[in-house]
Amino acid sequence: MSIEDSFKYFYNYIQDASYEKHLREKYPKMTITHDTMEWWQKASTSTTLENQSNVIDTKRIFESGSQREDDTNKPLVNHLTAYLRMRFGYLLRMGCNKYGKDNWQKGQPTEAALESLHRHLAKYELGDRSEDHLSAIIFNVQLIMKNEEQAGIKIDEYYENKSNS
């Protein structure tokens, strides 16, 4: 076996072991078998769960009997941590106090946002902690996304009909 083949084998083994650990944590009551692993890997690379013949139902049914559609393809907005939201919120408050409420929504050129983003990234990489450069980077990304929104780019344009490659 060549070194390259050994690496590929080891890489695939690590990926499978990592994925199996993920499944065991997410679904502790599920019995994980080789067939289960194959199905989950196949399903996770599919662009739509509806096309998987092994998927019986994609809706959620709660203990109360209430039903709701599956949230598999919905954004995980609630996964933005409280820590991130608080830090970014403080940066927005400082900007509001300095420039007025919603000043940023009046618009700024993408080029200006990119310049600022790169400047804050460089300062952060150099170890400068004199201000919250990471929140400033998020702010500049928000400006760029606002410009994309105004240009007509839809929220899910980057995600619809994309494979998990």
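Here is how the numbers come out for the structure above:
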| read-out | value |
| --- | --- |
| At most 13 other Cβ within 10 Å, DSSP loop - trypsin sites (Lys or Arg not before Pro), region 68-146 | 101, 129 |
| Electrostatic dipole magnitude of region 116-165 [Cβ: Lys, Arg +1; Asp, Glu -1; Cα centre; debye, to 20] | 100 |
| Least to most buried among 118, 79, 133 (fewest other Cβ within 10 Å first) | 79, 118, 133 |
| Fewest-first ranking of 86, 145, using other Cβ atoms within 10 Å as the exposure measure | 86, 145 |
| Rg/Rh (Cα only; Kirkwood hydrodynamic radius) as it applies to region 88-165 | 1.04 |
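Taken together, the values in this text are just the output of simple stated rules run on the coordinates, not laboratory data. In this text, all values refer to a predicted model and were calculated from it rather than measured experimentally. With ideal geometry, Cβ positions are generated from the backbone for all residues, glycine too; neighbour counts draw on all protein chains shown.
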